[in-house]
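I have placed the structure first, in the form of structure tokens, so that the comments after it can refer back to it.
The values are calculated or read from the model by the stated rules, or taken from the named source; none is laboratory data. Computed from a predicted model, the values in this text were never measured in an experiment. Quick reminder, even Gly has a Cβ in these numbers, built from the backbone with ideal geometry, and neighbours come from all protein chains shown.
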Amino acid sequence: MKKLKQKQETPEERSGPGDYYEVICPFGTWYVSGQTAARIGRVLERRWRPRFVKFVDLAGSRAWLRTDAIEGIAESTERQRAASRDFSHLRTKEDMADRRWETDFE
């Protein structure tokens, strides 16, 4: 019981996931390193693509994806994600300020 309480009181110092790339498909998203994203990008740019691309994601999972199922590869840096969260927060504040409370009851 004491260990549980200590763990709750002193949270672990975890660093964020850092910078990564997202391989986007209709049925899921894989998070990969920059090197892996570059390799996948080169495969997709070929005139005669292979049918599948094989890679290992950041969690260590091996994946085989059909090249025609890959919709895109997107960069996701810590800075971009922080800016996105800030933007979302400011939009929410703006929406709440513009809301007319008296129209909710009509």
> Yes or no: Trp48 over 16 Å from Asp19 (Cβ atoms), assigned to a strand (DSSP E or B), among the aromatic types (Phe, Trp, Tyr) and out of contact with any helix residue (DSSP H, G or I) (no Cβ under 9 Å at 6 or more places or on another chain)?
Replying inline: no
>> With the requirement that a residue be of a type in the set (S, T, N, Q) and closer than 13 Å to Ala69 by Cα, what does the stretch 36-52 give you?
In response: none
> Looking at this structure, is Leu65 touching a residue at least 12 places away in the same chain (Cβ under 8 Å) and over 20 Å from the mean Cα position of the chain (by Cα)?
Replying inline: no
>> Given the criteria surrounded by 11 or more Cβ atoms within 10 Å (Cβ to Cβ), in a loop (DSSP other than H, G, I, E, B) and either at negative phi or of a type in the set (A, V, I, L, M, F, W, C) (or both), does Arg39 qualify?
In response: no
> Can you tell me which residues in the stretch 45-68 are aliphatic (A, V, I, L, M) and either surrounded by 14 or more Cβ atoms within 10 Å (Cβ to Cβ) or modelled with pLDDT under 95 (or both)?
Replying inline: Val53, Leu58, Ala59, Ala63, Leu65
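Name the one entry in Ala97, Ala82 that is modelled with pLDDT under 85, in a helix (DSSP H, G or I) and farther than 25 Å from Pro26 by Cβ.
Every option except Ala97 fails the conditions.
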